Amino acid sequence: MRTPLTALAVVLVLAVGGPALASDAAQRAKPKPDLKITQVEVTGTTSLSVSVQLKNAGTRKAGSSTVALTVSRDATASSDDAVVGTVKAPKVKPRKKAELTATVQVPAPTVGTYYLIACADSTDKLKERKEGNNCRASAALTVSTVTVTGAATAGGSVTAATSAGVCSGATCTVPSGAATVTLTPVAAAGNSFAGWSGASCPGTTDTQKRRVITNPTATVACTATFAPSRAVTYNTGGAPASAVAATTTAGSCAVNGANTGGCTVPSGAATVTLTASSTSGGLAFNGWSGDAACTTTNATVTITNPTADLTCTAAYLPI
C-alpha cells in the first residue's frame, strides 16, 4: 500500500524537529538556583538592625552573592531607592535558607513612613531560574518627628541648622531622638545678644553663644534675647592694655589699642569684670577711677548690668 504524501510529510517534520524541541526542553529543565528574600525584620527607626532570610528556591546550589539593602517610600524596589548597605551572602544549597544580619543608618532627612527593602543577587552575579523575585520589603517603619523653634526679641534674629531633618527659617522638623539642632543668635546693628530663655529650651550654649539641642524627643522652643549695645571702655594710662583682663557674661571684650580695651554688652543684661595687674613694666597699680561704677582701690572692678556707656581708668604709677 502506498503511503499518502501528507502523512509522509508529517513524519519527516517530526523526525527533523524532534531533537531540537527536546533540546529546548532540556535547556529549560537545566538545574538553576533561584534566590529570593523570604523575610525582612527590622528594629529601630534611624539606626536599623536588619535580619534577612535568604532562600534558594531553585534546583542548583547558588554561589556566593550580594544582598542590597535600600530605603524606599513604598514597598516596591526601584532605581531611585537609596542604598544604605550590602550584605555578603554565602553559598546556599537548593531548598535551603541563610540568615543574614546587618546594621545600617537611614540617610537624613528621612522622616515619616518608609520601608527597608532587601534584594538578593543585587549585582546579577548568578544565572537564576527567575530574575524578578529577588526583593522583599520590611513592614512599614515610621520615624516620628519633633519641632525645634528659635524665636528672637527685638534687636536680632535666629538661624537654625540640623544634622537630620529639615529647617525652614528658625524652625526645624527633626526625627525624634536622632538629631542635633543648632540655634544661632544674630544681633542687629547696635544690639548685642543677651541670652537664651524658654520653659522648653534644653541644651547647652557654646562659646559662640549658639544653643545646641541634642536628640530632642519633645517640642523645643527657645528665645534669643537682644538689647541695645553698651560700651564699657577701659584705659591704662602708660601701662599696656594687656595689664587689664576684661570678661563679660554676655557680649564680647577686646583690646582696642596700645593702652585701651573694652566690652560691648547688651544693656542691663551683663556683668563686666575688669582686673588690673598689680605691676606692669615697672609700674604699679594705684586704683580705678572714671565713672562712678568704676571707682575702687581694688584691683578688680565689677560692673553689673550697665545701661549706659562707661569709661574706667586704671591708674599706674612708677615703682
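The values are calculated or read from the model by the stated rules, or taken from the named source; none is laboratory data. Since the structure is predicted, the reported quantities are computational estimates derived from the model, not experimental observations. Quick reminder, even Gly has a Cβ in these numbers, built from the backbone with ideal geometry, and neighbours come from all protein chains shown.
Things worth noting here:
- In segment 114-201, counting only strands (runs of 3 or more DSSP E) that sit wholly within it, the ones holding 3 or more residues that are in contact (Cβ under 8 Å) with a residue 24 or more places away in the chain and of a type in the set (A, V, I, L, M) span 145-152, 180-187.
- Among the residues of segment 292-319, those that are part of a strand (DSSP E or B) and either farther than 24 Å from GLY268 by Cα or among the aromatic types (Phe, Trp, Tyr) (or both) comprise ALA315, TYR316, LEU317, PRO318.
- So THR273, is it outside any loop (DSSP other than H, G, I, E, B), surrounded by fewer than 19 Cβ atoms within 10 Å (Cβ to Cβ), outside the structural domain of VAL181 (by TED's automatic domain parsing) and within 35 Å of the chain's Cα centre (by Cα): no
- Filtered residue count, segment 276-287, keeping only those that are surrounded by 14 or more Cβ atoms within 10 Å (Cβ to Cβ) and either closer than 28 Å to ASN191 by Cβ or free of Cβ contacts under 8 Å to residues at least 24 places away in the same chain (or both): 0
- Some residue of segment 215-227 being of a type in the set (S, T, N, Q), without any contact (Cβ under 8 Å) to a residue 40 or more places away in the chain, in a strand (DSSP E or B) and outside the structural domain of LEU310 (by TED's automatic domain parsing): no
- Residues of segment 189-222 classified as buried (at least 19 other Cβ atoms within 10 Å of the Cβ) and hydroxyl-bearing (Ser, Thr, Tyr), total: 1
- Of the numbered criteria (1) modelled with pLDDT of 95 or more; (2) closer than 30 Å to THR142 by Cα; (3) not aliphatic (A, V, I, L, M), the one THR46 fails is (1).
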